[in-house]
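See below for the structure under consideration.
The values are calculated or read from the model by the stated rules, or taken from the named source; none is laboratory data. Predicted model only: the values in this text are computed from it and were never measured. Backbone-built Cβ (ideal geometry, glycine too); neighbour counts: all protein chains shown. For accessibility, only protein heavy atoms count, side chains too; no ligands or nucleic acids. Shrake-Rupley method; radii C 1.70, N 1.55, O 1.52, S 1.80 Å.
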Amino acid sequence: MARTSLLTWDGVAQAVESLPENQREIAVEIIEKERSRTGADVGISDGPWYIERAQVSGYIGIGEQPVRVTFGAAPGLTIVTARNGTGKSSLVQGIRLALSNGGAAPTNVVEENLHCADRAITVRITNGRRTVDLLCDNAGVRWREHGAGEDAVPPSWVEEFERYLPILLYSELSPVIDKPSDLHKFLKQALSLGVLERLLEASAEIKNDGAAARRWLTEPRRRMERALAAAGDEDLKRDVLAVGEVPSEADATRLRARLAELSAAAPALPPIPPLWTVDADDVGLITQAVADLDAARARVVSGADTIRDVLDRLLAASGEYVEDLRRRDTCPVCGTPGATWADRAREQSERLRVLLATVTAAKAPVAEAVERLRAYAPPALSSVAAEALRGLHEPGTEERLEQWQRLRTAVERLRVDTLTAETVRALMTESAELASWYEGMVKIVQDRHRNAVEGRATLGADIAAWLDAVDRVRVRIERGAAAEKLANTVTRWIKETRDEVFHPIREEVVRIWRELNNDSDLTLTGVRLTGGVRQAQKVTYELAVDGTPVPGGSGRAEVLSTGQRNALSLAAYLPRATQSTSPFGFLILDDPIHAFDSFRVNYLARELIRLAERFQVIVFTHDDRLWREVRALDYTPRHVRLRRLPGQRSHVTVEAARWPGEPLLKELENVLSGERFEPIGTEEARVTMTLALCRQAVDTAVTTLLEILGRRIGRSPDEIERELGRARKTRDQLALLVAWAAEAGLPPLDLRRFQSTITALNDASHGTAPGTVEQCQRWMRSTRDLVEYLYQSVERS
């Protein structure tokens, strides 16, 4: 399929049939909507449309009195000339403002006319069957069709105007070359890619809507993920996260079934030991009891109970030996007589019995205290509980768990016989410190458990809310994904179509540049549109000097002179504005010969004459060179002149111009008319002024005609300039004109009836002739007759 078929909605509708179903549905929807939107504009492009007339007031240079120009609604060339500052550019800007619905007006026109702040514009257009006035004032732009009433400017007209831009302002010539992106826009708009670009734009809108819908899911999903983390159900978490950010309908249905199966029971606390506390007062009592036991033990020597047993057995012993010792009162140990050893042994045994009873009495509370101390120690810690505490990931946990096991072992090994008050104090202090740490850990466990219970209670609701949100935007997201793929396809279509459609335009750009610069060694060898379809757009144009390529492509605009830049702008613009698909039969150029030398003006004249066969070409310019070149090519254009009336506030008149020197005689006529009432100088001055202006008018006319005839008979610009340099006097110039007219095959020029006038212009321009107002007016009329005769004789060709 040729890509040019994609320039219409019908062609695009056929192309999208081969796309996947989801993309095709979106494309068909866009196509139908666009056809419906533009349906009311059917017939706007039934051109060609021509400009019949334009009337503008209130611009700089144009005052309250409107400037009204009739152009003639038909193909042909019209040249509008005016001196700089007359308001010709303002007239063009006003026409463009109205025809573009205000959208293509130049941004730099912001000044207000000092004499008329209110601007008013009326442009009449016609296609031969319909006639429309575009009215523009402070209320905006309106479309008033004869026989159909007044309405807004149709959107399709505005779109077509922006695409083909049939009016080119002076300010848009050279500057557009300085920025490749501007030149790209200048050329790209000539491609008539509006259908594809609108399809791309509409696809992007759907894609962006899908992206917005996806962002709308962010908060519901975030809440759901927080609920999953709090619930601690790893299996459920894995299942939910596995379906992605936008689960399919099948995945959503499966998850809803899973939610229905969630257990309502709260998760159990981890199997950790209970809290313990250390009773400081009781520990004090235990410490005191241990201290009392230590004191009791201190009063009894080691082995006292053995000594007591020995003494008791000795006193209770019987036998002859013991009885003899008792009788003789001799100590059985040392043999000392008279020591009453038996009484003393009995006393010592009794004393030892009392001391040992004290120790035994002190042991009883300590033995009981040892059991209480075990209650103040950390309970048994299972491996499961230890892992649960480690799972809290609190700093220092491992050291505390080691302390826990060490402290519990030490308390289990406590014995009454070896217990000391210092040991009690040390162990209980450490146990109280560990209990404080463990209390904080238990709080963390309880908080997390409570959060898990609460999270489990809301988990189902949060997951369901997320799935509900997905259901609400799933279609938008799926359409957005399909639209993104469609946009990629359309982007490819645009690039391919752009290349195919641009080929003839590229050839035309190169041709026009060659015509406008065939005397230059700098040639344009190619033009390419590069970059994307939305951004990074630029134009690469290849230049060569004497066949050697200029490096740098579009970045080397500095190698072009101002005239060459203007020529390249025109070469880029004209193919855009004059496509066969354009509904506009007119083309308006504002001062296109700016910075053009005579050669380039001649080449442009040839191009405009060629265009005038198919288009209504209107050129505004400040000099007459283009008119002379067009006439030299044996083409007679319509010639309109804008003239500012002296002494009046911004009052510009429109005149049908016949020859370049005509305004000089009009000014002279105005001055001489005033001389009848109030002379402004001496009679000598009047004569000098009259003959000087008349001679200038004749010289201007004859020089113009010599340039025209010189071109026709094949003289080069240099030859024409040399011949004009030799013919200094009016009589010599007229003689040269007679000779070239004969060479051009024109009927002989008969100047005999103008000899007196010619003599006066040559010999009597220094105030020596009579200078009455009547005589001056006769010279003026005779001069006008002479010039008109010359022009009519040349135009008979």
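Among the residues of segment 596-653, count how many are part of a helix (DSSP H, G or I) and β-branched (Val, Ile, Thr).
3
Given the options ARG53, ARG37, ARG24, name the one that is part of a helix (DSSP H, G or I), modelled with pLDDT of 90 or more and open to solvent by 50 Å² or more (accessible area, probe 1.4 Å).
When all the criteria are applied, what remains is ARG24.
Tell me, yes or no, whether segment 256-270 has at least one residue that is at negative phi, of a type in the set (Gly, Ala, Ser), loosely packed, with under 14 Cβ neighbours inside 10 Å and touching a residue at least 60 places away in the same chain (Cβ under 8 Å).
Checked segment 256-270: at least one residue is at negative phi, of a type in the set (Gly, Ala, Ser), loosely packed, with under 14 Cβ neighbours inside 10 Å and touching a residue at least 60 places away in the same chain (Cβ under 8 Å).
Can you list residue pairs whose Cβ atoms sit under 7 Å apart, with the first residue in segment 560-573 being touching a residue at least 12 places away in the same chain (Cβ under 8 Å) and under 11 Å from ILE512 (Cβ atoms) and the second being β-branched (Val, Ile, Thr) and open to solvent by less than 10 Å² (accessible area, probe 1.4 Å)? Count only pairs 6 or more apart in sequence or on different chains.
Hits for this filter: LEU568/ILE177; SER569/ILE177; LEU570/ILE512; ALA571/VAL509; ALA571/ILE512; ALA572/VAL509.
Of the residues that make up segment 719-735, is at least one hydrophobic (A, V, I, L, M, F, W, C), surrounded by 16 or more Cβ atoms within 10 Å (Cβ to Cβ) and within 30 Å of THR70 (Cβ to Cβ)?
Taking every residue of segment 719-735 in turn, none turns out to be hydrophobic (A, V, I, L, M, F, W, C), surrounded by 16 or more Cβ atoms within 10 Å (Cβ to Cβ) and within 30 Å of THR70 (Cβ to Cβ).
For segment 401-429, what are the residues that are more than 14 Å from ALA380 (Cα to Cα), surrounded by 13 or more Cβ atoms within 10 Å (Cβ to Cβ) and among the charged types (D, E, K, R)?
The answer is ARG425, and nothing else.
Can you list residue pairs whose Cβ atoms sit under 8 Å apart, with the first residue in segment 66-89 being surrounded by fewer than 19 Cβ atoms within 10 Å (Cβ to Cβ) and the second being part of a loop (DSSP other than H, G, I, E, B) and modelled with pLDDT under 85? Count only pairs 6 or more apart in sequence or on different chains.
GLY85/GLY61
Report, ordered by the first and then the second residue, all pairs with beta carbons closer than 9 Å, sequence separation of six or more or different chains, a first member in segment 773-784 that is in contact (Cβ under 8 Å) with a residue 12 or more places away in the chain and in a helix (DSSP H, G or I), and a second member that is acidic (Asp, Glu) and open to solvent by less than 20 Å² (accessible area, probe 1.4 Å).
Cβ pairs passing all conditions: VAL773/GLU675; CYS776/GLU675; ARG784/GLU662.
If the requirement is being in a helix (DSSP H, G or I), open to solvent by 70 Å² or more (accessible area, probe 1.4 Å) and out of contact with any Cys (no Cβ under 8 Å at 6 or more places or on another chain), which of these qualifies: ASP251, ASP235?
ASP235 is the lone residue from the list that is in a helix (DSSP H, G or I), open to solvent by 70 Å² or more (accessible area, probe 1.4 Å) and out of contact with any Cys (no Cβ under 8 Å at 6 or more places or on another chain).
Given the condition under 30 Å from LEU255 (Cβ atoms), open to solvent by 10 Å² or more (accessible area, probe 1.4 Å) and not polar (S, T, N, Q), answer yes or no: does some residue in segment 497-510 qualify?
Scanning segment 497-510, I find no residue that is under 30 Å from LEU255 (Cβ atoms), open to solvent by 10 Å² or more (accessible area, probe 1.4 Å) and not polar (S, T, N, Q), so the answer is no.
With the checklist (1) open to solvent by 10 Å² or more (accessible area, probe 1.4 Å); (2) touching a residue at least 24 places away in the same chain (Cβ under 8 Å); (3) under 23 Å from ASP634 (Cβ atoms) in hand, flag the one item GLY714 doesn't pass.
(2)
Give all pairs with beta carbons closer than 6 Å in which a residue from segment 6-29 that is under 14 Å from VAL490 (Cβ atoms) meets a residue that is assigned to a helix (DSSP H, G or I) and among the polar types (S, T, N, Q); count only pairs at least 6 apart in sequence or on separate chains.
Once the first residue is under 14 Å from VAL490 (Cβ atoms) and sits in segment 6-29, its partners that are assigned to a helix (DSSP H, G or I) and among the polar types (S, T, N, Q) give LEU6/THR497; GLY11/SER5.
For segment 438-455, does any single residue satisfy the condition of being open to solvent by 10 Å² or more (accessible area, probe 1.4 Å), part of a helix (DSSP H, G or I), touching a Gly at 6+ places or on another chain (Cβ under 8 Å) and at pLDDT below 90?
Yes, segment 438-455 has at least one match.
Based on what the data block shows, is ALA465 in contact (Cβ under 8 Å) with a residue 24 or more places away in the chain and within 30 Å of ALA260 (Cβ to Cβ)?
Yes: the conditions hold for ALA465.
Take the residues in segment 555-607 that are surrounded by 20 or more Cβ atoms within 10 Å (Cβ to Cβ) and among the acidic types (Asp, Glu); name whichever of them is modelled with the highest pLDDT.
Selected residue: ASP590.
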